[in-house]
1. Once the dipole of the protein assembly as shown is set up with Lys and Arg at +1 and Asp and Glu at -1 on Cβ about the Cα centre, which of A:50, B:260, A:19 lies farthest towards its positive end?
2. Which residues of the stretch B:442-460 show a drop of at least 10 Å² in accessible area when all protein chains are present, compared with their chain alone (probe radius 1.4 Å, heavy atoms only, ligands and nucleic acids excluded)?
3. Using the charge dipole of the protein assembly as shown (Lys, Arg: +1 at Cβ; Asp, Glu: -1 at Cβ; taken about the Cα centre), state which of C:214, C:3, A:167 has its Cα farthest towards the positive end.
4. Return the subset of A:74/A:162; A:16/A:162; A:74/B:361 for which the Cα-Cα distance in this structure is over 24 Å, preserving the input order.
5. Using a 1.4 Å probe, what is the accessible area per residue for the protein assembly as shown, in Å²?
6. Just the number, please: buried accessible area between A and B, total of both chains, 1.4 angstrom probe, nearest 100 square angstrom.
7. Short version: ³J(HN,Hα) in whole Hz for each residue of the stretch B:346-359, in order, from phi by Karplus 6.51 cos²θ - 1.76 cosθ + 1.60 (θ = phi - 60°), x for Gly and Pro, what are they?
8. Any residues in the stretch B:337-352 that have 40 Å² or more less accessible area with all protein chains than in their chain alone, probe 1.4 Å, and which are they?
Amino acid sequence: MTEIHNPILDVQGLEKHFGGITAIGGLDMRVGEGITGLIGPNGAGKTTFFNCVTGALTPDAGRVEFADGDITGKRPSAVAQEGLVRTFQIPRELPEMTVRENLQLAPRGQSGERLTQAWLRGDEFATDEVRVREKATEMAEFLEIDHVLDAKAGTLSGGQRKLLELARVLLTEPDMILLDEPLAGVNPTLEQKILDRIHDLESQGYSFLFIEHDIDVIMETCERVVVMHQGQVLTSGEPADVKSDDRVIEAYLGEEV
Amino acid sequence: MALADFFISLLTFVTIYSLFGLGLNVKFGFTGLIDFGHVAYFMIGAYVTVFVAMPAGLSETYEGLTGLGLATAFAGVPGGDLLGWLVALVVGMAAAALVSLLVGIPTIRLREDYLAITALGIATILNAVFHNERWLFNGAFGIREVHEPLSGVFPIGTGSFQLNLLLFGLPSVAILGYAAYRTAKVVRPLGVRPALLGTGATLALAGSVVFVITTMTGLVVDLGVLALNVDNTIAFVLLVGSVVAGRAALTETDHIGALLALASALLFTLWYLGQPLVALVADGETADLLLNLFWLYDATAGSAGGLDYDRFFFLFTLAFLVGAYLWVERTVNSPYGRVLRAVREDESVPEALGKPTFRYKIQSLMFGSALAGAAGGLWAANIGFIDPTQFASTVTFFAYTAVIIGGTANNRGVVLGTAVFWVINSGTRFLDDFFPSEYAQQLAALRLILIGALLIVILYYRPEGMLGEQDYDINLGRGGASDD
Amino acid sequence: MASAGLLDALLQGLITGMIIAAGALGLSLIYSIAEVPNFAHGDMITIGAYLALALNKPGAIPFVPEFGGLPLIAAGVLGVAVAGSTGAIYEVAIFRRFRSKGADLITMVIVSLGLALVLRNVVLFLVGSGNINYDTERVTNTNVELYLTGNGLSVQTVQRQAGDLVTLGEWGYGWLSLLAIVVVAAAVGVGVYRWRSDDASFETVHLVSPRVFGVASGIVALAALATVLQGAPHTIDAAVWSTSVGVSIKYGVIIGLTLVTMLAMNLLLKGTKTGRAMRATADNMALAEIRGVNINRVQLVVWVLAALLTALAGVLTGWFASNLNPNMGFSLLLPIFAAVIMGGITSPYGAVLASLIIGVSMDVGVFLLPAEFATYRTAIAFVILIGVLLVKPEGLWGDV
C-alpha cells in the first residue's frame, strides 16, 4: 500500500450502520492530489462513503478531514463551502429551470444569494450576476452544452444531464470533486469527452475521487486506485499493482458467484 | 347597496386575499413548501395589528389583554393614527414571521407531506387557543374595537360637486378604459370570426340566464319554471345556440385564454353596465350609469359627494398589494430567488452545491408568513371585527385553489386566480336571491363542491394553471445599476 | 360511591384509540400502497357515517325517500358496504388518472384536499350542518366500582335507571385470589408468548405476532379467572382506595369489531395472494409492476378497503358519541395522521399501536390536566406527533 504523505481528504475509522446492517465498518482512507479511482464490487459501500464524507449522511463514528479542517458530520452545504463537492450517480437536474439557471446556481459566494442583498443591493449583485453569467456560458462551451443553454433542464438527454451535473460542480470552483459513476450509461464518444475534460481539469489543479466500474478506464485515467470491499478499504496503490492483487480479483469474482 | 359599492367591496376582498396568496406563492410556488397552516399567520397578523393599535378600556365586553394603544399614541402628529396603525401592522407582520420561525425550526426539515399535516395541525391548535382563551384576545367573542386608520378623515371632497366628479370620476373612467385596453390586447390575436362566435356564445348564454331569471315569479324558483312555455323555449334555444357557437369558436382558435378573456369582459360589462344602460334607454335615467362608471366617486359621501372610506380603503389595500407584488418580484428575480426555486425542484442539489437550504426555507417561510400577516392586518381594518371563526383552515385551502387556478409560481397568476376564485364564490351569490332563503346553506355548500371539483379538474388538465409559471429575469442593469 | 379516575380515563382512551385505529389502518394502506397522503380521509369517515344514517333514519335527509329506516346494525353493514364502492369511485375517477400521469406527492396532497372539500360539502348540501344521531336504542352506562379494602378487592356494578342508582351486582376477591389471578394470568401470557415464538425460525411469517398472542391470552385468562374466582363482597365502608369505571355494551362492540377487522386485514395482507401483491406494491410500485402485479387492481382493492375501514370508523364514532355532524371526520383527521406517521407509514401494525397510544394519551391527558384544557384534546395527539418527529423524523417504527 503506497502512503499518501500529503492528503487532501483524510478519513479515519468511518462507520455507518443501517439498522443491523453495516454499510461502512471502520474505514480509513487518504486521498491526495490528482485523479484517484475508487472501485469495488456492488454493495461495497462506495456511494454510502460519498454520502458520509459530503454530509448527506451522518457517520456513526470516525473522523473526516478535508484540507486540514474537520468536516465530520457537517451539513452538505458546509462541506461544499469548504471546497469538497460531489456529483450524483443519477444526475439531478432541476427540470423546470433552464440549463443556464442550473449552471448559474452553482458558483459559490454570490452576493445576491443573500436575502438582504437581494432586497437592498440590486446594483451590487447585478455586477456579480454578469460575472456568473459569463462563467456559466464558458463552462457550457467547455463541456459543449452551450447549444441547450436556454432549454429546460428536464428536456435534456441522458448524456447532456451527465455533463450538466459535471458542469455544475465545476462552477463551484472546488478543490476536490467526488464523481459518482460519471460514465455510467454514457456512450463511448461522450465517455472520451468527459475523460478528456477531467484530464484538462486535473492539469488546472482540480483533484478527483472517481467511482467507476470499468477497470480499464481506471487503469488509463487514475494515478492511484482505492479498492473498497464490504465497507472497508481492501487495498490501494498504483493501478497496475492493484489490478494484479489477488484479494481484488477474489472480491470481484466472489461477487459473480 | 349600489352595484358600484358591491364592486368596491369585492375588489377590496380580492386585493387582500391576493396579498395573502402572494405570501403563499412565496412558500408554495417558489420554494415548494406545503404550508397548510398559512391561515395561522393571517390570523396572527390580524390579531396582533388590532391588539397593538387598540387603546385600552374601549369596551366593557372585551376581556382580553389590554391593547397597546398605538393608534392614539401619535395623536399629536398629523396623520398620527395612520402612523400608529402602520407600526402596529409592522409588528403584526413581525409576529407572524416570528411564529412561523418557531413553527419552522422543528418542522421544516420534515418530508413535504409531514410538513403539510404538521402545519395544518399547528394552525388548528392555534385557532383553538384563540377561540378558547378569553384572557388572550377575548376568545370566541372576538374583538370589535378594531382601529380603522384614517377613518375619521373620510369622506373627503373639495366641496364643489363638479370638481369632485372630475377628481374621482376621471380616474375611475381612466382605469376602466385601461382595463378595456389591456383586455383588447389579450383578445386581439383571436381574429374576427372566433371573436364574433365567442361574443355570440356569451351573449346567448347571458340572454338565456336573463330569460330564466325574469320569468321567475317572486324571485323564487318553483317547478313551474321548468315547465314548457314560450320563455323557457327561448331560453333553451339561446342556451343551445350558446353551446354551438362556443364550440365553434373553440374549434377555430387555439387562443383559449383570449376567448376566456373576451367572454369574461363581456359578462362583466353586461353585469356592471347592462342594467344602467337599460334604465338609460328606457327611462332616460343616467344616475346609475354614472355611478357605475365613476365608481371611485360616491355621491352620498358629504354634501357634494366625494371619496368615502370604503373606496379609500380599497386604494389603500391596493397600494399594499402593489408594494408586496414588487417586493416578491424583486425577491424571485434575483440569485436568491434562483436558490429558492432550486430548493423547490430538488433540495439536495443546492445543498450539495453549498447553499444552506435550511436557512433559505426558513426565510421563505417567514417572508410568506409576514405577507400573510400584512393581509391579516388589512382584513381586520376592512371588516372592523375579528373572531377566530374567520380564520378556519378553509381559508388556506381557498388560497391554494386561487394560486393553482391562476398559475403556481406566477405572481400575476395569484392575483388573477384570486379574482376568478372570489368572482365564482361571491359573484354567484346574487343567484341566491332566486332561491328560497332556507337553501342558503345548500348553495354555499354547492359553491364549495364546485370549487373542490374545479381544483381537481385544473390539476388534471392544466396543472400549470391559467398563466403557467412566470418567466424570470434578473435585472443586470447597465454597469450593474438596477432598481425597480 | 366511588368517582371516576385514571382507570376510567384509560379505558376511554382505549376506545378512542380503537376508533382512531380503524381510520389509521385505512390511511396507512392508502399512504403506503397508493402513495397518497390522503387529506380526504377524515371526510371519508363522515361519508361512511352519513351513508349509514341515510339507511337508518331516511327521514333526516331531505333527498332520501322515507321508508321507515333499517335497524342500525343492518344500516351500518349496508352503509359500510356502499362506502366501499365510493372508494372504488375515488380510485377510478380521480387517483388512477393522476397516477397514470405520474403526479408527484404534492399534487396528490392537493387533489385529496380538493376531494375533501367536495365530500364535506356534499354532506352539508344533502343533510345540513346540524347535529344528528342514529335511530337506535339508548345504551345505559354501567359503572363498575372498585373498592380496595383491608380484606381485598370489592366490586360493585351500578346503573342509573329512571333517575335512581341501582346496584346490579356485588362481589369481591380476597388478597390470595387476587394474587392468584394476576400471577396465573401473567404466567399464561408469558407461556403463550414463549410457545408461539419457540418455533420461530427466521423465515416464519407469523400471522399474529407472538407478543400480541401473549397479551391476548393473558387478558382472556384474567377475565376467565376473575369470573371463576368471584367471592363474597367485603364491607366497603373502610375502603382505602376506590375508583369507578364506566362501561357499556358499546365498548365491547367497538373493541370487538375493531379487533376482528384488524385480524381480517392481517389475514388478507399476509395470507392471500392479493395481500402479497399489495405488500409488494407498497415496497416498490415499479418493481411490482414489472413482476406482473396488476397495479390498478391492487390500488382498487386498497381504496375499497380503506373506504370500508373509514366507514366503519365513521359509524362507530357516530354511534359511540350519539352524534353525527359534517365535521366529525375532519376532527379525527389529525389524530389519525398523527398515528400513521408515528407508526411509520408503511407499517399498519405500527399505526394501530400508535393509535392506541394516541387515544390513551388524549383521554388520560385530559383527565390529568386542569379542566380548562379539556378543549385541547386533539392538541395532545399533535404534541406527541411533533415530539416524535423531532426525535425520529421517520416515525417510531420508521421505514428503515
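The values are calculated or read from the model by the stated rules, or taken from the named source; none is laboratory data. What you see is a predicted model, and the numbers here were worked out from it, not measured in a lab. Cβ sites come from the backbone with ideal geometry, for glycine too, and all protein chains shown count toward neighbours. All accessible areas refer to the heavy atoms of the entire protein, side chains included, with ligands and DNA or RNA removed. Shrake-Rupley method; radii C 1.70, N 1.55, O 1.52, S 1.80 Å.
1. Going by the Cα projections, it comes out as B:260.
2. B:442, B:445, B:446, B:448, B:449, B:452, B:455, B:456, B:459, B:460
3. C:3
4. A:74/A:162; A:16/A:162
5. 44
6. For chain A against chain B, roughly 3100 Å² becomes buried.
7. Residue by residue, the stretch B:346-359 yields 6, 4, 5, 6, x, 4, 5, 8, x, 9, x, 5, 4, 5 Hz.
8. Buried on complex formation: B:338, B:341, B:345, B:349, B:351, B:352.
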